[in-house]
Every structure is written in C-alpha cells, then in structure tokens.
1. Evaluate E = 1/(1 + (r/R0)^6) for A134 and W39, where r is the Cβ-Cβ distance and R0 equals 30 Å; express this FRET efficiency to the nearest 0.05.
2. Taking +1 at the Cβ of each Lys and Arg and -1 at the Cβ of each Asp and Glu, which of A136, C102, Y115 sits farthest along the dipole of the stretch 78-142 towards its positive end, judged by Cα position relative to the Cα centre?
3. What cysteines in the chain have no other cysteine with a beta carbon less than 4.7 Å from their beta carbon?
4. Could I get the Rg over Rh figure for the stretch 1-59? Both from C-alpha atoms, Rh via Kirkwood, rounded to two places.
5. In the chain, what is the count of Lys pairs whose alpha carbons are under 27 Å apart, counting only pairs at least 8 residues apart or on separate chains?
6. Note down the accessible area of E124, probe 1.4 Å, to the nearest 10 Å².
7. Top mean-square fluctuation among V108, V143, V87, Gaussian network model of the chain, C-alpha springs under 10 Å?
8. Work out how far the C-alpha atoms of the chain reach from end to end along every principal axis, then list the three figures in whole Å, largest first.
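The values are calculated or read from the model by the stated rules, or taken from the named source; none is laboratory data. Given the structure is predicted, the values throughout are model-derived calculations rather than measurements. Every residue, glycine as well, gets a Cβ built from its backbone with ideal geometry; the counts of neighbours run over all protein chains shown. SASA here: full protein model, heavy atoms, side chains in, ligands and nucleic acids out. Shrake-Rupley method; radii C 1.70, N 1.55, O 1.52, S 1.80 Å.
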Amino acid sequence: MLDTLVYLKHETKVWFEITTLLIPGKNDSPAEIAAMSEWIMKELGPDVPLHLTAFHPDYKMDDLAPTPPATLTRSRKIALDAGLHYVYTGNVRDPEGQSTACVGCGEVVIERDGYDITSYGLDERGCCHACGRALAGWFDATVGGWGGRRVPVRLAAA
C-alpha cells in the first residue's frame with residue numbers, strides 16, 4: 001500500500017488524501033503517529049492531507065473503547081509538528097481540527113463543522129483571501145451544495 005501512495009504522488013497527477021482510523025491500543029501511540037507522519041513527510045511531502053479519524057465500537061470490534069477526542073488532538077499536533085500542512089480530525093465534532101488554515105499566514109480559509117462548511121476564504125484559484133498564497137488541492141471559487149443533509153429513503157413493503 002505504501003508503494004501505491006508513493007506511485008500516486010510521484011507518477012500521477014491525481015489528488016489523494018490519506019485517512020487513518022485510530023483504534024485505541026492498536027495504532028494510536030504517539031510513537032506510531034510520529035513514525036507515520038515522518039514517513040509521509042519524507043516520501044510524499046507536506047501537502048498530502050492526513051485525516052485522523054476516531055474509532056467507534058461496532059460489529060466485530062465492539063469490545064474496544066471509542067477513540068478519545070484527546071487522542072485525535074494529540075495525534076494531530078504530532079503530525080503538524082512533523083511538518084505536515086493539512087492534518088484533520090474526523091468522526092468527532094472538532095471545528096478546529098476539521099478546518100483548513102493557510103500555510104502562509106495561518107488564517108483559517110475553510111472552516112468546517114462536521115460536514116458543513118461555515119466559512120470559505122479562497123478565491124477561484126485556490127488562493128488565500130488574506131495573503132494570496134495558493135493552497136495545495138483543487139478548489140472551487142465558492143462553496144458548493146455539499147454538506148450534512150438527510151435524504152429520506154422509502155422502502156417498499158414486503
């Protein structure tokens with residue numbers, strides 16, 4: 001799998017992001033997060049987004065505790081300290097950990113709360129409104145119609 005990530009980064013123009021489910025006691029130690037972050041920095045560079053998501057017990061892994069929000073916050077800090085520019089928390093409500101800051105000036109340019117974008121500070125080229133620096137990624141000039149929503153589903157009677 002790691003070879004595939006290196007291939008995607010260096011041999012294609014595809015945009016990709018990495019998501020890691022942090023399972024308490026399995027892969028959430030500070031040493032493991034640091035090693036992963038250092039590998040990403042070395043092999044892929046600082047601009048590949050890393051999503052650290054919370055585990056919730058279910059199905060065949062219902063005997064484990066959910067990932068504490070503090071573990072996500074700590075892990076995000078470790079990854080940012082390793083030099084990664086875009087590190088996010090997921091599967092929890094964490095507007096700070098889910099928002100995107102400009103690498104140049106630190107201004108929050110995409111503020112998120114869950115699946116909702118509450119503030120958008122990029123122009124049509126994906127540049128920060130505050131300092132003009134281009135962010136890594138593919139962006140629209142305005143916020144789209146995505147976000148949290150409920151869609152009713154009707155099931156036929158048996």
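1. FRET efficiency, A134 to W39: 0.75.
2. Of A136, C102, Y115, it is A136.
3. For the chain, the answer is C127, because their Cβ atoms have no other cysteine Cβ under 4.7 Å.
4. Expressed as Rg/Rh, it is 1.02.
5. Within the chain, the lysine pair count is 7.
6. 130 Å²
7. Answer for the Gaussian network model of the chain: V143.
8. Extents along the principal axes, in whole Å: 52, 45, 32.
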